[in-house]
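*Asks:* Got a structure for you, questions after.
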Amino acid sequence: MTLESSLLFASRLLFPRTGKKSNARKSLFGALVCIGISLVPLVVVLTVSNGMIKGITDRMIGLSSSHIQLVLYPSSEYSQSAVSLKNLSESIKMYDDNVKNVFPELQGIGLVSSKEGRFGASIRAVENDIFEKNESFKNLFEVLDGTTDLSSKNTCVLGKKLSENLGVKAGSTIRLITTKENASGKTLPKITSLKVSGIVSSGYQELDALWLFVSLESGFTLISSSSASAVLGIETNDAFSVDLEKTYRTLSPLLSSSGRLYRWNDLNTAQYENFASTQIMLIFIMFLIVLVASVNISSALVMLVIERKKEIAILKSLGASQKGIALAFIVTGGVTGFFGLLFGLPAGLLASVHFSSLMTAIEAVVNFFFKIFYYVTDGNLSNYVTVHLLDEAFYLQNIPVIIPAKEIALIAAGTIVLSLLVSVLPAIKAGKEKPIETLRKI
């Protein structure tokens, strides 16, 4: 039996010329649909998780740790004033051609109070124009109210969550409580009134929930030297390039006397690995769904073998080989998986592109039914708390859509291979059919 004959028989199995009803063909169609449907969540999980991981990682690198971070020793001469920090920043730019920019910063903690109460804050003393000068700050921060101008004395910029806790908006006045040391070395509280210049959000609440920005010069008067940490955020051409390691090795010996260098992945190892392991687990679970759906092809082919015993017997009596018959059924299973892929892959990509809209619609439906249930059981909707499927406290507010072409290609290849593998046993069974026993029953 030639290859052409096997392919012709496979085409007849899939698209018979007679109008005779076939339960096996219905099962094949059902298997096709199941594979397509199972691929949708797999593609969505892969695409959305990639977008979320990239979005969060970009914010961790660009807004927090930078590509390389130099943490200065408290005793270093460069950590004593804003001028010395800026001078060191300018010097580092000349050490390596891969260094794109350096941003000096003084970090500390304090207590912020308003009429609504008191809350802890992570103080970040930065350059006045950092929200314009730093590309990550400019692109990733959204100004919700006011401006990001820090040039005026005793002004600050708050993160969205902190401003909500304090119940303040742009133009409001808050009190920042920090510490200071007197001449005898005793630690005393220091209270400073600050005017809120603006309110910003990075779109990832877990990162910016406690941030309070002040000017670099103000930082050295607000934050006690004993609790302050002077850092330099070193930005390279690409945080994921091999050149980052070269820059790190170049700067390490030059700056070892002033402080300690950290790469961005050193500072965010735990969180980054957690993202990666969670993504792998989710993809594995979704792939198991595809595997279960593929088993339907095997079941449908078994039914098809039973239905086509007569045709198989006639072909074998005319000289068709066992391998040729088996190949026809394997091709049938593979084509079924391929058509399922043609249905499921575009549907998954479409759902991924419109993921935010879909989640908004699903949230509206869920809240509608929850409100009905709440009204029936409680009778008072004033206490109802809106359900958020993707709480902004843990997820990005706007998830970027990133379609991973290589991974999608692997999913497509894996689906086809899986469809062929589950077709092997029914195909072998079809090839081993004995034509004499079947023809006797005709």
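We did not get these values from a lab; they are worked out from the coordinates using the rules stated. Since the structure is predicted, the reported quantities are computational estimates derived from the model, not experimental observations. Every residue, glycine as well, gets a Cβ built from its backbone with ideal geometry; the counts of neighbours run over all protein chains shown.
*Asks:* How much net charge surrounds Lys133 when only the other residues with a Cβ under 14 Å from the Cβ of Lys133 are counted, with Lys and Arg +1 and Asp and Glu -1?
*Replies:* Surrounding charge for Lys133 is -4.
*Asks:* How many nm is it between the label spots at Val401 and Ser224, if each spot is 7 Å from the Cα in line with the beta carbon?
*Replies:* 5.2
*Asks:* Moving on. Distance between the C-alpha centers of region 181-213 and region 230-304? Whole Å please.
*Replies:* The distance from the Cα centre of region 181-213 to that of region 230-304 comes to 32 Å.
*Asks:* Quick one: putting +1 on the C-beta of Lys and Arg, -1 on the C-beta of Asp and Glu, what dipole do you get for the chain around its Cα centre, in Debye to the nearest 20?
*Replies:* That gives the chain a dipole magnitude of about 2400 debye.
*Asks:* Between beta-carbons, use under 14 Å as the cut-off and find the net charge around Val33, counting Lys and Arg +1, Asp and Glu -1.
*Replies:* Every neighbour counted, the sum reads +2.
*Asks:* Then there is this: Would you look at the GNM of the chain, springs on alpha carbons closer than 10 Å, and say which of Ile223, Ile37, Ile280 moves the most?
*Replies:* Maximum fluctuation in the GNM of the chain, among the listed residues, is at Ile280.
*Asks:* Still on this model: Lys/Arg Cβ at +1, Asp/Glu Cβ at -1, dipole of the chain taken about the Cα centre: which of Trp264, Ala300, Ser218 is farthest positive-ward?
*Replies:* Ala300
*Asks:* Let me know the charge dipole size of region 44-140 about its Cα centre in debye, to the nearest 20, where only the beta-carbon of Lys, Arg (+1) and Asp, Glu (-1) is charged.
*Replies:* The dipole magnitude comes to about 360 debye.
*Asks:* Please report, for the Cα atoms of the chain, the Rg to one decimal and the Dmax as a whole number; what are they, in angstrom?
*Replies:* 32.1, 111
*Asks:* Could you name the aspartates and glutamates whose alpha carbon sits less than 16 Å from that of Lys115, not counting residues in the same chain fewer than 8 places away?
*Replies:* Glu164
*Asks:* Then there's this: Each residue of region 346-363 in turn: what ³J(HN,Hα) in whole Hz from Karplus with 6.51, -1.76, 1.60 and θ = phi - 60°, glycine and Pro shown as x?
*Replies:* x, 5, x, 5, 5, 5, 5, 5, 9, 4, 4, 5, 5, 5, 4, 5, 5, 4
*Asks:* Given a Förster distance of 25 angstrom, what is the FRET efficiency for Thr278 paired with Ser299, based on the Cβ-Cβ distance and rounded to 0.05?
*Replies:* My answer for the efficiency is 0.15.
*Asks:* Name the shape class, rounded, prolate or oblate, that the alpha-carbon gyration tensor gives for region 32-115, where a ≥ b ≥ c are the square roots of its eigenvalues, rounded holds for a/c under 1.5, and otherwise prolate holds if a/b is larger than b/c and oblate otherwise.
*Replies:* Working: a/c = 5.21, a/b = 2.16, b/c = 2.41.
Here region 32-115 falls in the oblate category.
*Asks:* If the only charges are +1 at each Lys and Arg Cβ and -1 at each Asp and Glu Cβ, what is the size of the charge dipole of region 118-174 around the Cα centre, to the nearest 20 debye?
*Replies:* Working: 8 positive and 8 negative charges, 60 e Å.
Around 300 debye, computed over region 118-174.
*Asks:* When the chain is modelled as a GNM with alpha-carbon springs shorter than 10 Å, which of Val214, Val48, Val365 fluctuates the most?
*Replies:* Val365
*Asks:* Beta carbons within 10 angstrom, averaged per residue: use that to sort the peptides 307-313, 239-245, 87-93, highest first.
*Replies:* Ranking, from highest mean packing down: 307-313, 87-93, 239-245.
*Asks:* Around Gly414, with a cut-off of 14 angstrom between Cβ atoms, what is the net charge of the other residues, counting Lys and Arg +1 and Asp and Glu -1? Working shown, then result.
*Replies:* Details: positive: Lys406; negative: Glu407.
Net charge around Gly414: 0.
*Asks:* Hey, which of these cross-link pairs are over 20 Å Cα-Cα: Lys160/Lys371; Lys309/Lys434; Lys133/Lys161?
*Replies:* Over 20 Å Cα-Cα: Lys160/Lys371; Lys133/Lys161.
*Asks:* So, one more: Applying the Karplus parametrisation 6.51 cos²θ - 1.76 cosθ + 1.60 with θ = phi - 60° to the phi angles of region 231-236, what ³J(HN,Hα) value in whole Hz is obtained for each residue in order, glycine and proline being reported as x?
*Replies:* Residue by residue, region 231-236 yields 9, 10, x, 9, 9, 9 Hz.
*Asks:* What is the packing order of peptides 258-267, 197-206, taking the mean over residues of other C-beta atoms within 10 Å and listing the highest first?
*Replies:* Most protected by this proxy first, the peptides run 197-206, 258-267.
*Asks:* Starting from the amide H of Tyr73, placed 1.01 Å from N in the peptide plane, find each other amide H under 5 Å away whose residue is 5 or more places distant or on another chain.
*Replies:* Residues meeting the amide H criterion: Gly259, Arg260.
*Asks:* Just going by the charge dipole of region 17-68, with Lys and Arg at +1 and Asp and Glu at -1 on Cβ, which of Ser38, Asn50, Leu63 is farthest out on the positive end?
*Replies:* Of the candidates, Ser38 comes out farthest on the positive side.
*Asks:* Work out from phi, with θ = phi - 60° and the Karplus expression 6.51 cos²θ - 1.76 cosθ + 1.60, the ³J(HN,Hα) of each residue of region 76-85, listed in order in whole Hz, and give x for Gly and Pro.
*Replies:* Couplings: 5, 5, 7, 8, 8, 7, 5, 5, 5, 5 Hz.
*Asks:* Return the inverse of the average 1/r over all pairs of distinct C-alpha atoms in region 113-178, which is the Kirkwood hydrodynamic radius, in Å to one decimal.
*Replies:* 12.9
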